[in-house]
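Trainee: Got a structure here, written out as structure tokens. Questions coming.
The values are calculated or read from the model by the stated rules, or taken from the named source; none is laboratory data. Keep in mind the model is a prediction, meaning the values are calculated, not measured. Here the Cβ is made from the backbone with ideal geometry for all residues, glycine too, and neighbour counts use every protein chain on show. Areas reflect the complete protein model, heavy atoms only, side chains present, ligands, DNA and RNA absent. Shrake-Rupley method; radii C 1.70, N 1.55, O 1.52, S 1.80 Å.
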Amino acid sequence: MQQKIIVLDFGGQYNQLIARRVREAGVYCELLPWNKPFSQWADESLAGVILTGGPNSVYEDASPRLGAEIFTLGVPVLGICYGMQLINYILGGTVESAGVSEYGHTMLHTADTVLFQSVDRTTAVFMNHTDRVKDVPDGFRIDAWTDNCPVAAFSNEAKGIYGVQFHPEVRHTLQGVQMLRNFLFHVCHCTGDYRAEDTIERMLSEIRAQVGSDKVVAGLSGGVDSSVACALANRALAPGQLTCVFVDHGLLRYHEAEQVMATYRDNLGLNVIHIDASERFLKALQGVTEPERKRKIIGELFVRVFEEEAAKTGATCLLQGTIYPDRIESGMGGSATIKSHHNVGGLPKDSIFKKDKIVEPLANLFKDEVRAVGTALGIPHAMVWRQPFPGPGLSVRVIGDITQEKLDILRLCDHIFLEELENAGLMQEIWQSFAVLTGAQTVGCMGDGRTYANCIALRAVTSDDAMTSEAAEIPYAVLKKVTSRIIGEVRGVNRVVYDVTGKPPGTIEWE
Ligand code: XMP
């Protein structure tokens, strides 16, 4: 049986990273809300539990709190930051406010314990807390400390309970991966043989269980997430149960619709229909400038189109390629809403699709895990490694209101940029690259005359999972060539700039 680690989510910023690090270590892991009843996840496959950080203080009335039953599941428990304070609180230790918040790098001194095996006795860690453990519960030992934090890690090895005040999951904790591996392999005795593609069988049976004999319509965008979701459903369901719908909302890139449809027909054997809804989308977006409104309008119209197709086939289920970071950025699980990804939480109240009929087989996976599943399913390399493209398409790359003329300008600029990156052999290192119509009109001089035309921004980023990113260091010669081609070939553009903002503080898309 596949072992699993459950990470209970208390609302901290890095919680998804904990799950990711565990899976990277080859152990299957799920992140669940802290108050999900134990009976729904504590089965014989459970190998350990991790309690995450969170924004609360354990003494606040409204704080999320578990009882001592968490220590009766028969598996080890590791608390991180708030999770450690919670363990201390439950077991009768005391937690105090440190007076000032401790944020950033700190040197940690460690004892030679199981959690700190193969870790230096002094090592850099990342702290982000205000409260800290003061007195530890009976039977606990202090395993690590810093200048400002006398109890930076503790344990009761006999009971299998561990706590760390710092964040082992973030890269700034230099030996954090080793510490997590120590917990997984030397405390929980995990075998470490999980691979993302192993989840395929489980995902297939979950799709079958949720869908039963119903019919399904699936939103297919041409991107890796929805392609993998559709390929899974195609494998899970009987012939005739699944209809994939590729909606052209008029916000696609240069010749994208034709290319995507050809790939689907030639490679995946899916039942795909192509719907040209571009006029409808552009009409609904007329005069709309606010990014969240654009996303909501597009999200709702997508659902309406799927509903119309469902009415034709008698489908009750809607399959979507939602992945984990989409949900986090849309503010699920207590985190702040950065952007409402078009396919998250956007179902209109009166939708014919009921909540329990929304099928999202990839909802717990990161992009690189989706790619691993896609490769294992035999999806062509070019499709698995296609750059992500947002569901709202070019609407979030035309800043301000959207018109056909602006879209045409942007498409050409974007095409030139991508073509030149490809020619320069740079695509491999780039996570996403695109042009943005900034909405700024600038003055220029061309020939002997004055111009007053659009400013285009180029954006290319490197990233692991779109949660953070850096601007790609495109050689100046390439940027110069792209600039001169855009200004020479695209009417209505007289200036090109390159965006070097990271995420954070920026986001990848401009809107
Ligand atoms: P941001 O701009 O938030 O984007 O840094 C992170 C990743 O998500 C993509 N993105 C979206 N994808 N629907 C999607 O399917 C959306 O509404 C959406 N908004 C952003 C973005 O392209 C990047 O890969």
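Trainee: Compute, for the chain, the length of the dipole vector about the Cα centre, with Cβ point charges of +1 (Lys, Arg) and -1 (Asp, Glu) only. Units Debye, rounded to 20.
Mentor: 700 debye
Trainee: What is the sum of charges, Lys and Arg at +1 and Asp and Glu at -1, for the other residues whose Cβ falls under 14 Å from the Cβ of S484?
Mentor: The answer is +1.
Trainee: Right, next: Hey, what's the Kirkwood Rh for segment 383-511 if you take every pair of different alpha carbons, in angstrom?
Mentor: Its Kirkwood hydrodynamic radius stands at 15.1 Å.
Trainee: Can you tell me the accessible area per residue over the chain, all protein chains present, probe 1.4 angstrom, in square angstrom?
Mentor: Spelled out: the 1.4 Å probe surface of the chain, per residue, equals 43 Å².
Trainee: Any idea what the relative contact order of the chain is, in percent, if you count C-alpha pairs under 8 Å spaced at least 6 apart?
Mentor: 10 percent
Trainee: Right, next: Not counting ligands, DNA or RNA, and with a 1.4 Å probe, what is C445's accessible surface area in Å² rounded to the nearest 10?
Mentor: 110 Å²
Trainee: Along the charge dipole of the chain, Cβ charges K/R +1 and D/E -1, which of F366, V22, Q40 sits furthest on the positive end?
Mentor: Going by the Cα projections, it comes out as F366.
Trainee: Another question, if that's okay. Ignoring any ligand, DNA or RNA, what whole percent of the accessible area of the chain comes from carbon and sulfur when the probe is 1.4 angstrom?
Mentor: 51 percent
Trainee: Ok, one more. Would you work out if segment 345-399 is rounded, prolate or oblate? Take a ≥ b ≥ c from the square roots of the eigenvalues of the alpha-carbon gyration tensor; rounded if a/c is under 1.5, else prolate when a/b is larger than b/c, oblate otherwise.
Mentor: oblate
Trainee: Projected onto the charge dipole of segment 124-261 (+1 at Lys/Arg Cβ, -1 at Asp/Glu Cβ, origin at the Cα centre), which of T199, Q241, H255 gives the Cα projection farthest towards the positive end?
Mentor: Of T199, Q241, H255, it is T199.
Trainee: Could you order S205, S57 so the one with the most accessible surface comes first? Probe is 1.4 Å.
Mentor: Sorted by accessible area, descending: S205, S57.
Trainee: Report the FRET efficiency, 1/(1 + (r/R0)^6), for A424 and V114, where r is their Cβ-Cβ distance and R0 is 56 Å, rounded to 0.05.
Mentor: 0.65
Trainee: Using the crude model of +1 on Lys and Arg Cβ and -1 on Asp and Glu Cβ, and no other charge, please compute the dipole size for segment 380-491 relative to its Cα centre, in debye to 20.
Mentor: In total the dipole reaches around 320 debye.
Trainee: Once you've got the Cα coordinates, tell me which of K296/K406; K215/K354; K406/K480; K36/K357; K36/K159 are over 18 Å apart.
Mentor: Correct reply: K296/K406; K406/K480; K36/K357; K36/K159.
Trainee: So what is the 222 nm mean residue ellipticity for the chain from helices alone, if each DSSP H run of at least 4 adds -39500 (n - 2.57) and you divide by all residues, rounding to the nearest 500 deg cm²/dmol?
Mentor: After summing the helix terms and dividing by the residues of the chain, the value is -8500 deg cm²/dmol.
Trainee: Please give the contour-minus-distance gain from W385 to K349: 0.36 nm per residue of separation, less the Cα-Cα distance, rounded to one decimal in nm.
Mentor: Stretched fully, the W385-K349 segment lengthens by 9.4 nm.
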